[in-house]
1. Would the stretch 14-21 turn up any residue that is surrounded by 11 or more Cβ atoms within 10 Å (Cβ to Cβ), touching a residue at least 24 places away in the same chain (Cβ under 8 Å) and under 26 Å from the mean Cα position of the chain (by Cα)?
2. Go through the stretch 1-52 and tell me which helices (runs of 4 or more DSSP H), entirely inside it, have 1 or more residues that are β-branched (Val, Ile, Thr).
3. Take the residues of the stretch 22-44 that are free of Cβ contacts under 8 Å to residues at least 12 places away in the same chain and charged (D, E, K, R): which is nearest to residue 54 (Cα to Cα)?
4. From 56, 17, grab the single residue that is modelled with pLDDT of 85 or more and either in contact with a Gly (Cβ under 7 Å, 6 or more places away or on another chain) or assigned by TED's automatic domain parsing to the domain that holds residue 4 (or both).
5. Looking at the stretch 64-78, which of its residues are modelled with pLDDT under 70 and surrounded by 10 or more Cβ atoms within 10 Å (Cβ to Cβ)?
Amino acid sequence: MDALRRSSRISRKDRIRNVTIRQQIGLEETVIKEIEQNQLTRYGHVQRMAEGRLPRIALKWVPKQKNFIVTKLFLVSLIKLHSFFTFKQTH
């Protein structure tokens, strides 16, 4: 929203609502709606991928622990696991 304010040459001191600025510029949707739409598009793209692809595996993954923190070690092991299954399928 700050970029829209700057492009319209409106400061926060002017105390104009974001909705009013979007109407002046001609935007109908908020930035959040655009992000949600892009996320849905990406989700559909990943769903159409083959089962062995890493993005699809990562999307379906659910942690076993409640307070699981994704670490670099975990990501490396996930990539190794993916390469193992990819190698197994091709040979």
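1. no
2. Result: 18-25, 31-47.
3. Step by step, filter the stretch 22-44, then rank; the result is 42.
4. 17 is the lone residue from the list that is modelled with pLDDT of 85 or more and either in contact with a Gly (Cβ under 7 Å, 6 or more places away or on another chain) or assigned by TED's automatic domain parsing to the domain that holds residue 4 (or both).
5. Selection gives 68, 70.
The values are calculated or read from the model by the stated rules, or taken from the named source; none is laboratory data. Computed from a predicted model, the values in this text were never measured in an experiment. Ideal geometry is used to build each Cβ from the backbone, glycine not excepted, and the neighbour counts take in all protein chains shown.
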